[in-house]
Amino acid sequence: MRKPLIAANWKMYKTPTESTAFLTSFYPLVKNNTVAELVLCPTMTSLPALVDAARGKTIFIGAQNMHWLPEGAYTGETSPTMLTAIGVSHVLIGHSERRQYFNETDTTVNLKLKSALAHDLIPIVCVGEHLNERERNLTADVLNLQVAVALEGIDPATLAPLVIAYEPVWAIGTGRTATPEIAGEAHRIIRAQISKIAGSEIAASTRILYGGSVKPDNAATLCQVEDIDGALVGGASLDPSSFAQIVTNATIH
Ligand code: PGA
């Protein structure tokens, strides 16, 4: 019932030329994959070229961030209407690097989520605990709060497109992956919290992705876990064959 979603987060890597070259190599490797929804999230400057290159292909293009307002005096920002105007379909919201380096908070995540839903963008809302929070047994509290504030004031009837990415901060770019047991437990916590806030139907249909050092050799075991509905991949998504292998391995079961 939940279509797996596998997304590449390229962070601040790849020019437009490098982005379209990636697609040229990558697409033949995954074009027969009908199981998963595949999303590439490049930097803002690569979005137009990649949207054009992906036309007619079963690949969606997402932004890594956006402002919540449609326009305004906000130097350096990009609005949801600007993204949809060029054919962007998905958007990452509240990635831990945005929270850590650019002062994003659960409150701005909430504003951005409301805006993405209002503009028909598929939101991928990132949540996850820091290592010191896990060590102090605060993981459930942190996840419950992040999800609660993200969903505050949103009509459950509008939440069907919602995607959550569980990304434990200690696993991002560190080579340290959550075990399937740890990830599965966090995903169950998140789904239970969505159920409490938005009802069991929305909770059952919301896709919850795992992110944090996903590689070709751990994608299968992670994505086999009942509550894990796909992956958000950073470093290992920069290489076409590595990311294609992740797609294959994550969808073989
Ligand atoms: P990583 O990044 O796969 O390099 O750990 C994941 C992410 O930041 O989304």
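The values are calculated or read from the model by the stated rules, or taken from the named source; none is laboratory data. All of these numbers come straight from a predicted model, not from anything done at the bench. Don't worry about glycine lacking a Cβ; one is built from the backbone with ideal geometry, like all the others, and counts go over all protein chains shown. For the accessible areas, the whole protein counts, side chains as well, though only heavy atoms, and no ligand, DNA or RNA atoms are used. Shrake-Rupley method; radii C 1.70, N 1.55, O 1.52, S 1.80 Å.
Quick notes
- Within the chain, the proportion of C-alpha pairs whose separation exceeds 30 Å stands at 20%.
- The amide H of ARG207, built 1.01 Å from its N in the peptide plane, has ILE164 as neighbours under 5 Å, considering only residues 5 or more places off or on other chains.
- Summarising the overall dimensions of the stretch 48-180 from its C-alpha atoms, the Rg and Dmax are 15.7, 49 angstrom.
- Cβ-placed point charges (K, R +1; D, E -1), dipole of the stretch 30-151 about Cα centre in debye, nearest 20: 320
- Fraction of accessible area attributable to carbon and sulfur, the stretch 8-105 (%, probe 1.4 Å): 58
- Near the amide H of ILE93, within less than 5 Å, lie the amide hydrogens of ILE124, VAL125, CYS126, all on another chain or at least 5 residues away, with H placed in the peptide plane.
- Averaged per residue, the stretch 28-116 has 47 square angstrom of accessible surface, using a 1.4 angstrom probe with ligands and nucleic acids left out.
- Once C-alpha pairs closer than 8 Å and six or more residues apart are averaged by separation and normalised to the residue number of the chain, the relative contact order reads 21 percent.
- Per-peptide average of other Cβ atoms within 10 Å, ordering 33-41, 191-199 highest first: 33-41, 191-199
- Cα-based shape type of the stretch 1-48, given that a ≥ b ≥ c are square roots of the gyration tensor eigenvalues and the cut on a/c is 1.5: oblate
- Across all Cα pairs in the stretch 3-93, the calculated P(r) in 10 Å bins from zero up to the longest distance comes to 16, 51, 27, 6, 0 percent per bin.
- For the stretch 23-41 and the stretch 74-90, distance of Cα centres in Å: 23
- Across the stretch 227-232, rounded Karplus estimates of 3J(HN,Hα) from the backbone phi angles (6.51 cos²θ - 1.76 cosθ + 1.60, θ = phi - 60°) give 8, 9, 10, x, 9, 10 Hz, Gly and Pro being marked x.
- Mean Cβ neighbour count within 10 Å, used as a protection proxy, ranking 206-212, 173-179 highest first: 206-212, 173-179
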